[in-house]
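We did not get these values from a lab; they are worked out from the coordinates using the rules stated. On a predicted model such as this, the values are computed, not experimentally measured, just so you know. We place every Cβ from the backbone using ideal geometry, glycine too, and count neighbours over all the protein chains shown.
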Amino acid sequence: MPDKAKTCRNCGSEELYSKKVHSGGFYGPNLLPLGMLASPMFRVEVCTDCGLVEWFVPGVADRKKIRKLFKRSN
Ligand SMILES: [Zn+2]
């Protein structure tokens, strides 16, 4: 099965770059508050053609916590 390259949902470009980054909470806002001792990571994906940024939470345990702590949208 040939791998289909992932493309940007905004412009269709294949120029996507990703990196794992901390969700913050020390010197800036905590963008993913999951408790005092938690420092979850984001995987940020950037399209370097149009600039669209997408954020993913790669940690399975972090996603379980979100189900407990956040309000379900639907
Ligand atoms: Zn794009």
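Tell me the angle of helix 60-69 to the major Cα principal axis of the chain, expressed in degrees between 0 and 90 and rounded to the nearest ten.
Taking the Cα atoms of the chain, the angle to 60-69 is about 60 degrees.
For the chain, what does the convex hull of the Cα positions come to per residue, in cubic angstrom? Don't jump to the answer; show the numbers that get you there.
Working: hull volume 10.9 nm³, N = 74.
Normalising the Cα hull of the chain by residue number yields 148 Å³.
How high is the FRET efficiency between LEU16 and SER73 when r is their beta carbon distance and R₀ equals 25 Å, given to the nearest 0.05?
Details: r = 26 Å, r/R0 = 1.03.
Plugging the Cβ-Cβ distance into 1/(1 + (r/R0)^6) gives 0.45.
Based only on other Cβ atoms within 10 Å, what is the fewest-to-most ordering of TYR27, TYR17?
Values: TYR27 5, TYR17 9.
Final ranking by Cβ density, sparse to dense: TYR27, TYR17.
So, counting K/R as plus one and D/E as minus one, what does the shell of residues with Cβ under 12 Å around ALA61 add up to? Walk me through the numbers before you get to the answer.
Working: positive: ARG63, LYS64, LYS65, ARG67, LYS68; negative: ASP62.
Here the count lands on +4.
Given the range 16-69, what percent of its DSSP beta bridges are antiparallel, to the nearest 5?
Taking every DSSP beta bridge with both residues in the range 16-69, the antiparallel ones total about 100 percent.
Which whole-number percentage describes the relative contact order of the chain, with Cα contacts under 8 Å and a sequence gap of 6 or more?
Numbers: 94 pairs, mean separation 19.2, N = 74.
This gives 26 percent for the chain.
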